[in-house]
Amino acid sequence: MIFDDIAMIAADTSRSRVYIQSLVRNNLLPNYVLVLGNKANTTLPGQINNSDFKNNNDDMDLNLESWSEANNNLLEPIQMTLKSSSIEYEELETTNIHDSAVLKSINDRFESTFIYSGYGGVILRKELFLTGKKFLHVHGGYLPDYKGSTTNYYSLINDNSIGASSLFLDEKIDSGPLLLRKKFQPPKDRAQIDHIYDSAARAKVLVETLQYYNNAGEFQCKGDLDKGETYYIIHPVLKHIAILSNN
Amino acid sequence: MYTKFQGANLFQSYFSNRNNVLEKCRVNIPKSYYPSLTVQRAFKVIEEFLLCKYPEEIESYSSIFKQENIKDFNFQLNDNPDLNKIDELMIKFSIEERIKTSLLLETLFASIILDENYINNKIWLDRLVQRFEVTKKLYEEYLPGFRKGNGRNNLIKLYWLFAIVLSIFYAGTNKIKYLSTIIKVCDLITSLPFKDLSRDIPEYGLYLVLSTETLFVRILLKAKGIEYDF
């Protein structure tokens, strides 16, 4: 089904590829997608270096229900998935969510909610919220306990789990309101968390959030996320401990 | 987030870097020197936390200093009259006012020694962590609002004191986010010329910070079942 009132902003990242492939697989299609293209030769946060990456869809974890959104072709460009699924899209040659052309495209659309999957490390500014749209984001971490960056590596160390939480964005970091949150058992191959399992956990929560929306006819918020701990990019030594840990 | 996975080799590089600086410390500190009072206090408090949580690591930790250099450690922390005024000093810091970073860190140091769970300690430490994580710098002072730094940002002693405060807080709370910041601060410190470190950090201060940091990492490696032999 196509959601008339839902659009999407998609950076050309592995996460966006996972989101769109998952939405297509679950027949939960946005009405329109605004693709933010990176035409530079450099790889931005969240982007796959195609020459370094190989899809490994033989992983046993892919048979688990919790990882139902992990089996994707991360080398397939977003545009290809959108075209083959007949989803309307527009591509802008900017990576900047606050670019005036991006703001104009968002303003010109009638959909009231945009699924947000932009480039990493960006805090959304006031001008985006002045468009009057709601931005549905899925955070890689269990909110409000784990706000901020790389939180799934922290939660792996703390309690051997990873999480994902859907929320509507505001000008603060991961402060809500919260829609849905889930915890996941870590995958066996933790070295694949960045591109595969973090994205798959978020996609699972996105799919379920949209399924609830479809059933209820509205997004059901579960309160604000004022409390909680904010984390910063984990040091590589600790990231490696999280990956190599067996408990 | 997307640091390429390097396997256990990353630990080897990390320990090798720290061991190189620690070896320079061992060679360069005159045997007649005693640790400064700040270093002694930090050592003692961390030792007490370790004794409670990881008694098996005490032998390794206590060997950081030679016996002849620890005679000044036998003091009662709470007997220091200055420390009884720390609460009052902490309360006086206001986000609406200009804040001298060295004063904040010195007060935090004393306050965390008294009570690592005191809420004001975490609030102010989190503000410093946020500023450091975002800018990778600590400024001599922060303007009202505690966003914009002012003055020098290359005062080695500030980074060292920040590492000490974080180490005590982490030893008391085991909150991994602070260990992450400790390692980043130590990365920054160890990237500087050793002669500058020797000039600006009190005797044994660098030795204590790096020994403590590497011990924290070893304890975590062990707790998470990761074998290492470096």
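The values are calculated or read from the model by the stated rules, or taken from the named source; none is laboratory data. Only a predicted model underlies this, so the values are computations on that prediction, with no experimental measurement involved. Cβ atoms come from the backbone with ideal geometry, glycine included; neighbour counts cover every protein chain shown.
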Can you name every residue in region A:79-123 that is of a type in the set (A, V, I, L, M), within 21 Å of A:GLY140 (Cβ to Cβ) and assigned to a strand (DSSP E or B)?
A:ILE115
Kindly indicate which of B:ILE182, B:ILE168 is modelled with pLDDT of 95 or more, in a helix (DSSP H, G or I) and at the interface with chain A (Cβ under 10 Å from one of its Cβ atoms).
B:ILE182
Residues to consider are B:THR214, B:THR173; find the one that is within 14 Å of chain A (Cβ to nearest Cβ), touching a Lys or Arg at 6+ places or on another chain (Cβ under 9 Å) and farther than 15 Å from B:ASP126 by Cα.
B:THR214
B:ILE226 being outside any strand (DSSP E or B) and under 13 Å from the mean Cα position of the chain (by Cα):
no
Of the conditions (1) in a loop (DSSP other than H, G, I, E, B); (2) within 25 Å of A:TYR213 (Cβ to Cβ); (3) not basic (Lys, Arg), A:GLU76 fails just one. Which one is it?
(2)
If A:ALA203 satisfies every condition in (1) touching a residue at least 24 places away in the same chain (Cβ under 8 Å); (2) facing chain B (nearest Cβ under 7 Å) but one, which is the exception?
(2)
Go over the candidates A:MET8, A:MET60 one by one and state the one that is aliphatic (A, V, I, L, M) and either surrounded by fewer than 14 Cβ atoms within 10 Å (Cβ to Cβ) or at pLDDT below 95 (or both).
A:MET60
Residue pairs within 9 Å by beta carbon, gap of at least six or interchain, first lying in region A:234-247 and more than 7 Å from every other protein chain (Cβ to nearest Cβ) and within 10 Å of B:SER180 (Cβ to Cβ), second surrounded by fewer than 21 Cβ atoms within 10 Å (Cβ to Cβ) and β-branched (Val, Ile, Thr), listed first then second, are none
In region B:1-28, anything of a type in the set (Ser, Thr, Tyr) and either more than 10 Å from chain A (Cβ to nearest Cβ) or buried (at least 17 other Cβ atoms within 10 Å of the Cβ) (or both) is listed as B:TYR2, B:TYR14, B:SER16
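Among the residues of region B:186-216, write down those that are farther than 12 Å from B:ILE29 by Cβ and among the hydrophobic types (A, V, I, L, M, F, W, C).
B:CYS186, B:LEU188, B:ILE189, B:LEU192, B:VAL209, B:LEU210, B:LEU215, B:PHE216
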Which condition breaks for B:LYS175 when tested against (1) under 19 Å from B:ILE113 (Cβ atoms); (2) touching a residue at least 12 places away in the same chain (Cβ under 8 Å)?
(2)
Out of (1) over 19 Å from the mean Cα position of the chain (by Cα); (2) under 21 Å from B:PHE216 (Cβ atoms); (3) more than 9 Å from chain A (Cβ to nearest Cβ), what's the single condition that is false for B:VAL45?
(1)
